[in-house]
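First comes the structure, then the notes that go with it.
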Amino acid sequence: MKKIGITGQQGFVGSYLYNKISLLKDEFTLVDFKKEYFDDPAALIAWVRQCDAIVHLAAMNRHESQAVLRDTNIDLVQRLINALQTSGTTPHVLFSSSTQEERDNDYGISKNTGRKLLADWAAKNGAVFTGMIIPNVYGPFGKPFYNSVVATFCHQLCNGQQPRIDIDGRLKLIYVDELAEQFIDALKSEVDDASFSVPHTVEKNVSEILEKLNEFKELYLDSGIFPGISNEFERNLFNTFRSYIPHDAHFPVKLKPHGDDRGVFVELVKLQQGGQVSYSTTHAGITRGNHFHTRKIERFLVIKGKALIQLRKYNTDEVIDLYLDGEQPSYVDMPVWYTHNIKNIGEEELYTVFWINEFFDPADPDTFFETV
């Protein structure tokens, strides 16, 4: 198995790539990286020696001083090269550059310079090098006002703010999951290309993106209606939007029972698309679930009994506890990359209705078992 190290493994792309690789246990082993290694040459050398491949993602994206941003990014590359030279090892190195290389700004200059420095090192030492020139990246858990305009818009809309467009530019975009697959394919194939252009998967105006996100807010966040998802971009954008909703502030969402002399009627799921609805009964003290999805959109609705739903973002420690009671029917929607379960904490049988946006496919289940 290849031993993979990722500088910047705690960042937006780094954490996503780390998590994706961690699911490929038969092919890769991860060598954990700490940002403090850049300030400790001996630790950085020791880390480099353990790696068969290194993905260099650590970089500064924004800073009030463009000179500081430029110099920091180039310095990080140089420190990595120094560690490689001192260690005497030649792992496959993959470098995250940007299409901003084409622009005359300090971030683009830092990326272009870093890519060429690593390419020179690889040529002199007979190492495999993949210099990946990447378009704009969007996806769940990006840092607003830092990683992308999509992250900023989602954060603002989910926190009662109205985004503003200064320049309605045309963006070439790639979803973070798609980018992670590009890295994994390059690792498997040992792509030796100092200027590997990663293709974008969608091209949109900033105004088009904001229009769709506003639709998600009005339908889903404000009215509880799942929007129609007509293509992969809309699904990816919706899952990105959902990741910015404060879980404990928004969920569980209480449903309104409509009662008369016949009994009670409750609307469970309102949607503009299909999918699958199921239900389960759960005995007292029993827990179901303990798995997560990377693309599926799922809702749990408790209609009878008392339940505890727990959520934990994959590869993190914080557990979110949400309590539901059939006396006040309510639901919780499961974010992507959050392992989740549901436990009957009452004395009677628990009745739960489930909706998911796609049928179960044994060949591609998108279900990964992980205890909350």
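The values are calculated or read from the model by the stated rules, or taken from the named source; none is laboratory data. Everything numeric in this text was worked out from a predicted model, so none of it was measured. Cβ coordinates were reconstructed from backbone atoms using ideal geometry, including for glycine residues, and neighbour counts include every protein chain displayed.
Numbers for the structure displayed
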{"read-out": "The listed residue being farther than 20 Å from Thr316 by Cβ, in contact (Cβ under 8 Å) with a residue 60 or more places away in the chain and aliphatic (A, V, I, L, M), out of Leu80, Leu69", "value": "Leu80"}
{"read-out": "The range 95-112, residues that are more than 20 Å from Leu173 (Cα to Cα) and in contact (Cβ under 8 Å) with a residue 40 or more places away in the chain", "value": "Asp106, Ser110"}
{"read-out": "Condition met for Phe153 (among the hydrophobic types (A, V, I, L, M, F, W, C), over 13 Å from the mean Cα position of the chain (by Cα) and more than 25 Å from Tyr220 (Cα to Cα))", "value": "no"}
{"read-out": "Within the range 233-275, considering residues that are without any contact (Cβ under 8 Å) to a residue 24 or more places away in the chain and in contact with a strand residue (DSSP E or B) (Cβ under 9 Å, 6 or more places away or on another chain), the one farthest from Ser330 (Cα to Cα)", "value": "Gly259"}
{"read-out": "Strands (runs of 3 or more DSSP E) contained entirely in the range 248-332, each with at least 3 residues that are of a type outside the set (Asp, Glu), surrounded by 12 or more Cβ atoms within 10 Å (Cβ to Cβ) and assigned by TED's automatic domain parsing to the domain that holds Glu358", "value": "276-282, 287-292, 298-304, 306-313, 319-325"}
{"read-out": "Subset of the range 33-66 (residues that are free of Cβ contacts under 8 Å to residues at least 24 places away in the same chain and of a type in the set (Asp, Glu))", "value": "Glu36, Asp39, Asp40, Glu64"}
{"read-out": "The range 291-333, residues that are farther than 19 Å from Pro246 by Cα and free of Cβ contacts under 8 Å to residues at least 24 places away in the same chain", "value": "Asp325, Glu327"}
{"read-out": "Members of the range 97-117 that are out of contact with any helix residue (DSSP H, G or I) (no Cβ under 7 Å at 6 or more places or on another chain) and surrounded by 19 or more Cβ atoms within 10 Å (Cβ to Cβ)", "value": "Arg115"}
{"read-out": "Verdict on Pro163 being touching a residue at least 12 places away in the same chain (Cβ under 8 Å) and farther than 20 Å from Thr294 by Cβ", "value": "yes"}
{"read-out": "Test for Thr89: is it in contact with a Lys or Arg (Cβ under 8 Å, 6 or more places away or on another chain) and under 28 Å from Glu211 (Cα atoms)", "value": "no"}
{"read-out": "Filtered residues of the range 333-346 (kept if of a type outside the set (Gly, Ala, Ser) and either more than 24 Å from Ser15 (Cβ to Cβ) or not in a loop (DSSP other than H, G, I, E, B) (or both))", "value": "Asp333, Met334, Tyr338, Thr339, His340, Asn341, Ile342, Lys343, Asn344, Ile345"}
{"read-out": "Tally, over the range 333-367, of residues that are surrounded by fewer than 16 Cβ atoms within 10 Å (Cβ to Cβ) and of a type outside the set (A, V, I, L, M)", "value": "11"}
{"read-out": "Any chance Asp106 is modelled with pLDDT under 95, out of contact with any Cys (no Cβ under 8 Å at 6 or more places or on another chain) and farther than 20 Å from Asp40 by Cβ", "value": "yes"}
{"read-out": "Selected residue (criterion: modelled with the highest pLDDT) from residues of the range 58-92 that are over 18 Å from Pro41 (Cα atoms) and either outside any helix (DSSP H, G or I) or among the β-branched types (Val, Ile, Thr) (or both)", "value": "His92"}
